[in-house]
Structures are given as structure tokens and as C-alpha cells.
Amino acid sequence: MSVTLYLGCVIRSLYPEVEKAVKETLNKVDVQFDEPKDASCCAPLGFFSLNRSAWLRLNERNMRLFQSSVMTACDDCFASLSDAFKTISEKNGVKAPEVKPFEKILMEKLEERRMVFSFKGLRCAVQHSCHLLRPARDVDDAENPQLVKRILERLGYLSISYEGELDCCGGLVFEDRISKILADRKARALEESGADCVVVTCSHCMRQLKSVSKLPVLHLAQLSALSLGVKPEEIGVPDTLVRRMVKP
Amino acid sequence: MISRLREKDAGGLLKCIQCGSCTSACIVNAVDEEFNPRRIIGLITRFNKLPDQDPWLCSTCSVCVERCPQSVNPLSIIMALRMIKYEDGNKLPDKVIEMIEQVKKTGLAFPLNPETRGKRVLLKLPEFGISEEGLNEIRNIISEAGF
């Protein structure tokens, strides 16, 4: 299997340990990838809400650079690219590449074979990405999402439920007061859940929750890479978490 | 107002029956009652008025889109209001201006900082950056959009 890897702005610029974890995970599950060097920002809602034509033109340009089906590692990029490609394809009658989020491809690969994992026992609370689930794009159940939880369990971690699990973290609210209220509200729910860490698949959730949460915030790829044998220090998994895991 | 919104892909505006499903599902309304999607849509459809409420408070979480029993797309109406208020001279949030400026400069909304650059070298990750030719294409698109 081969994909065009679209990592977007935030992961590459702010969280290289997540980029490393995504790439190591793909290597371990035999997914080849290439990265189009000239691809731009996916122009998510901040842009799109102001100028639809700029959003479409930037992504038409991105689409020309993609040779195969696209894998994103941020659910905001996933939403922007898949909605833009669908619109462009309907408007111009062209075939657009398929866009899949990291978690979807990882699940497909984990279902293909039985793997033995090196760590177990970490209690994870998932921050579900709004833009993965809604408006429904057939990736997961919008009202009762299970995809990321099922992956975590397959990888040997414990996925826990908590109050307000589907609530938005406010990561894309551009007004500071409301953004902070939503972040604090979410952080409190996560801390009260009894989890050891928070797991995200959207880089805006990552930015937002890292700024307020007392718990470590990890991208799903960091935990998948860890389970697949990558050293924690290479992928930014803190020692405090590694010490909480029990070897099977 | 209604025709201006329609031009901007505001979905299903006139199908709204003012039931309030959007507002009861809205997380921003749960923390600030002033932001009320039902009232925003009602002001437009019943009184043809531009709502005072700040469309930039919306978190874009899209629960309203999922829950509307009439298949109205309240999110798209709020996004269209952002555009209309901008065209009418309202200032954009600083963070949005900054993102647009960064895309113009580097093609990316969040550019690489020196600390991360060092981390990338340690992790043996490749350098990245858009070619001058690519940047020119991106800048053209953005300036033609009026930014």
C-alpha cells in the first residue's frame, strides 16, 4: 500500500515528534508514503469561512500535487481536503484522490494481521475530533464514535469513557474568551476521568489541550509507534507514562 | 440579507422551523447564552436583519448540522455571516489575520520556529519548505481573494 502523506502545518512546524511517530507507524505496518514538497496549508475553516474560492483554489493546487490517495494526520486537514476535493470533483467533473485519516488506515492495517505489542495498561481518554465526525463523512459514528477507542484497545491500551466526551475543546475558536472557557471545561472533564493521558487525532485539539491540561496530551500515532516497538524518547512519550505501563 | 446569504452557500435557510435543536446542541451557547444559533437564523428569516451576534464565537464543531431535523446547515449560515460582516468592514480576529499573513509568506498557517527546527534535525526528519514558484502561485490565489 502506498499513500501521499499530507502532514499539514501544525504537526510539521510544532510537533516533529508526532511526524516521527506517524512515519515510524507507517513503516512498521508496511505503508509506503511520499510527501509532496510544494503542498500548501489546507486552508481550513478560518479561511474557508471568509473566501470559498480561495479555499477551493488552494486545494485544487494541492490536488494537482497528489499522485495517489491521501493520508492526513490531522482531522482538520482531513475535513478541509475531503470537502474541497469533493466540491472540485463535482464542479469540474474530475476524479479526485481519496482522502483518509491516519486512524482509518491504521485500523485497516491492524485488522489485516495479528501483532504482538510491547506495552500495556495505559488509561487513555480520547478527545474526539469534531471535524472527523461532523458533518458525517462515513469514517465513524458521529454520535457514538468508536474508531480511535477500538484502535487503542487493539494496541493494548485501556480506553475510558468520561463526561462530555463529545464536547468540542474550542481549539478553533478565534475569540479568546470563549476559546479559554471551552478549553478549561474540557481539561477539567479529562482530569476528572481518571485517565493517565489524553489522546487526540487533530492538531488543533493538541495545541489547545496542551495549553491547559495537566495530563500529557498525545497523538494516537505516538501510542501506535510505541506499541509497534519505537523507543519512547524518539517519539516524545514522557517517561512518567512509560513507567505506568506494564509489559505483557 | 437572505439573498446575500444565499450567494454565500448558506444552506437550507428557509427550511428553518425555529425548533431550537441547533441551540440546544450548541456548546458555545452552553457557556454563553448570548450566542444563539436559533435566534441568529430567526432574525434573518423572520425580520431580514443582520444579527448583531459575533459569528466568530462559533467553534465550528458542527453538532448543529448533525442535529437539525430540517437539514438546515446552521454552520454554513454562520460562516456566511463571517464573510458578510467582513465585506461590511468588520475587523477580522487577530489570529485569523496572522494565519492569512503566514500563508502568504510561507504557504503554511503555522511556520517552523527555531526550536522545532533543531528538534527536527535531532529526529532526522527532512527539511521542508515550498519552492519560490509554488509560493508565487499561493500568493496570487490569496491576493486575488482580496486579502
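Could you check region A:144-248 for helices (runs of 4 or more DSSP H) lying wholly inside it with 3 or more residues that are among the charged types (D, E, K, R) and farther than 30 Å from residue A:115 by Cα? Talk me through it step by step, then tell me what you get.
Working: elements: A:147-154, A:176-192, A:203-212, A:220-227, A:239-244.
Counting at least 3 such residues, we get A:176-192.
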In this structure, does residue A:191 turn out to be at pLDDT below 95 and not hydrophobic (A, V, I, L, M, F, W, C)? no
Among residues of region B:120-147 being within 21 Å of residue A:33 (Cα to Cα) and assigned to a helix (DSSP H, G or I), the residue farthest from the other protein chains (Cβ to nearest Cβ) is B:121
Given (1) buried (at least 22 other Cβ atoms within 10 Å of the Cβ); (2) touching a helix residue (DSSP H, G or I) at 6+ places or on another chain (Cβ under 6 Å); (3) at pLDDT below 95, where does residue A:242 come up short, assuming only one miss? (1)
What single numbered condition from (1) acidic (Asp, Glu); (2) surrounded by fewer than 20 Cβ atoms within 10 Å (Cβ to Cβ); (3) in contact with a helix residue (DSSP H, G or I) (Cβ under 6 Å, 6 or more places away or on another chain) fails to hold for residue A:111? (3)
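Rundown of residues vs (1) closer than 17 Å to residue A:187 by Cα; (2) assigned by TED's automatic domain parsing to the domain that holds residue A:186; (3) of a type outside the set (Lys, Arg); (4) in contact (Cβ under 8 Å) with a residue 12 or more places away in the chain, yes/no style:
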| site | (1), (2), (3), (4) |
| --- | --- |
| A:123 | yes, yes, no, yes |
| A:127 | yes, yes, yes, yes |
| A:134 | no, yes, no, no |
| A:141 | no, yes, yes, no |
| A:144 | no, yes, yes, no |
| A:149 | no, yes, no, yes |
| A:157 | no, yes, yes, yes |
| A:160 | yes, yes, yes, yes |
| A:163 | yes, yes, yes, yes |
Could you go through region B:110-119 and let me know if any residue there is modelled with pLDDT of 95 or more and more than 8 Å from chain A (Cβ to nearest Cβ). no
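Restricted to region B:72-94, and to residues that are outside any helix (DSSP H, G or I) and either more than 11 Å from chain A (Cβ to nearest Cβ) or free of Cβ contacts under 8 Å to residues at least 60 places away in the same chain (or both), which residue is surrounded by the fewest Cβ atoms within 10 Å (Cβ to Cβ)? Can you show your working first?
If we filter region B:72-94 for residues that are outside any helix (DSSP H, G or I), which is where we start, we get B:72-73, B:88-93.
Restricting the remaining residues to those that are either more than 11 Å from chain A (Cβ to nearest Cβ) or free of Cβ contacts under 8 Å to residues at least 60 places away in the same chain (or both) gives B:72, B:88-93.
Values: B:72: 25, B:88: 9, B:89: 6, B:90: 12, B:91: 9, B:92: 18, B:93: 16.
Looking at the filtered set, the residue picked out is B:89.
Go through region A:1-114 and tell me which helices (runs of 4 or more DSSP H), entirely inside it, have 1 or more residues that are within 11 Å of another protein chain (Cβ to nearest Cβ). Reasoning before the result, please.
On the way: elements: A:8-14, A:16-28, A:45-48, A:52-65, A:75-92, A:102-112.
Result: A:8-14, A:16-28, A:45-48, A:52-65, A:75-92.
Tell me yes or no: at least one residue of region A:157-167 is within 14 Å of the chain's Cα centre (by Cα) and buried (at least 19 other Cβ atoms within 10 Å of the Cβ). Before the answer, list the steps.
Taking region A:157-167 first, the residues within 14 Å of the chain's Cα centre (by Cα) are none.
No: region A:157-167 contains no residue that is within 14 Å of the chain's Cα centre (by Cα) and buried (at least 19 other Cβ atoms within 10 Å of the Cβ).
The values are calculated or read from the model by the stated rules, or taken from the named source; none is laboratory data. A quick note: this is a predicted structure, and the numbers were derived from the prediction, not measured. Here the Cβ is made from the backbone with ideal geometry for all residues, glycine too, and neighbour counts use every protein chain on show.
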